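Taking it in order: structure first as structure tokens, then the write-up.
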């Protein structure tokens, strides 16, 4: 068995694009997290290793948050896990902490909110990983089934050979490890893809006139904006029972701010009004994506 996994470990050297994918993913994820704190948090790629599932996750047992990452394009599932110190660092960062308080040292189980916040971070990284793999072998990665223990059945069994990507998360003067386990069989099936040497990036000096023209054409694109005053959730039976002339009460008032949306995404907050006999919207502020992101987590 040792010689088998020794061979697997050495074969990682012949999969340069696998490391490149994770390096690109952690860079992209770090850039997304930069606005959250000063100094900015950092996610780094430590390296790849090969071992059985039990050996790889031996230190990720007990106080952890774990999730399944579905990779349908690769016909496999990954398992990602963060240890206690990592989880509490992520929670403190995403909930607005500044690191002034000492790290939490309690031994209690994770709350539902803490588990969901860690899951939200996993989703961010999975999105960045999906974008990084698109340059090699596209697949949409999806995160679900958050838990606080390792389920080896997801990977096959405790003896399933894995490739593991070790990550390090640092923020607010503290941090910890994150581990992502991938079945070796799935990666080996795409050996030719990951054996390709990473292409050298070339720097091309942009023509200012060409850049100006591109910007001009892009900004001339037509988009449709929708003004949403209020939303009311209803059961299908209620909708089926609506009658002509029936009045639906809304929670909105004349002082309620209107959301201006584009393609289903909230963009701008407006004040509803009236001028010269027509309804108007006055721009008040732009939507804070980070704040709405955290509100959605807490509301769940």
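Quick notes on this one:
- Test: residue in the stretch 39-46 that is surrounded by 21 or more Cβ atoms within 10 Å (Cβ to Cβ), out of contact with any helix residue (DSSP H, G or I) (no Cβ under 8 Å at 6 or more places or on another chain) and under 24 Å from residue 187 (Cβ atoms): no
- Of the numbered criteria (1) at pLDDT below 90; (2) in a helix (DSSP H, G or I); (3) surrounded by fewer than 18 Cβ atoms within 10 Å (Cβ to Cβ), the one residue 123 fails is (1).
- Residue pairs whose Cβ atoms lie under 8 Å apart, sitting 6 or more positions apart in sequence or on different chains, and linking a residue in the stretch 80-105 that is at positive phi and assigned by TED's automatic domain parsing to the domain that holds residue 70 to a partner that is outside any loop (DSSP other than H, G, I, E, B) and buried (at least 22 other Cβ atoms within 10 Å of the Cβ), are 99/171.
- A residue that is part of a helix (DSSP H, G or I), at pLDDT 75 or above and more than 23 Å from the chain's Cα centre (by Cα) can be found somewhere in the stretch 177-186.
- Selection within the stretch 137-149: residues that are in a loop (DSSP other than H, G, I, E, B) and farther than 20 Å from residue 86 by Cβ. The member of this set that is nearest to the chain's Cα centre (by Cα) is 140.
- Selection from the stretch 93-111 of residues that are buried (at least 17 other Cβ atoms within 10 Å of the Cβ) and out of contact with any strand residue (DSSP E or B) (no Cβ under 8 Å at 6 or more places or on another chain): 94
- Residue in the stretch 236-249 that is closer than 30 Å to residue 288 by Cβ, modelled with pLDDT under 85, in the same structural domain as residue 288 (by TED's automatic domain parsing) and assigned to a loop (DSSP other than H, G, I, E, B) present: no
- In the stretch 243-290, the residue that is surrounded by the fewest Cβ atoms within 10 Å (Cβ to Cβ) out of those that are farther than 18 Å from residue 231 by Cβ and in contact (Cβ under 8 Å) with a residue 24 or more places away in the chain is 284.
- Of residues in the stretch 106-136 being more than 22 Å from residue 19 (Cβ to Cβ) and touching a residue at least 60 places away in the same chain (Cβ under 8 Å), the one nearest to the chain's Cα centre (by Cα): 120
- Those residues of the stretch 150-176 which are in a loop (DSSP other than H, G, I, E, B) and at positive phi, in sequence order: 156, 172, 173
- The residues of the stretch 256-286 that are in a loop (DSSP other than H, G, I, E, B), more than 21 Å from residue 234 (Cβ to Cβ) and either within 32 Å of the chain's Cα centre (by Cα) or at pLDDT below 85 (or both) amount to a single one, 263.
- Scanning the stretch 13-27 for residues that are in contact (Cβ under 8 Å) with a residue 12 or more places away in the chain and either surrounded by fewer than 17 Cβ atoms within 10 Å (Cβ to Cβ) or not assigned by TED's automatic domain parsing to the domain that holds residue 141 (or both) yields 14, 16, 23.
- The stretch 151-174: number of residues that are more than 21 Å from residue 74 (Cβ to Cβ), at pLDDT below 90 and crowded, with 16+ Cβ neighbours inside 10 Å: 2
The values are calculated or read from the model by the stated rules, or taken from the named source; none is laboratory data. Since we're looking at a predicted model, the values are computed, not measured. Note that we place each Cβ from the backbone using ideal geometry, even for glycine, and neighbour counts take in every protein chain shown.
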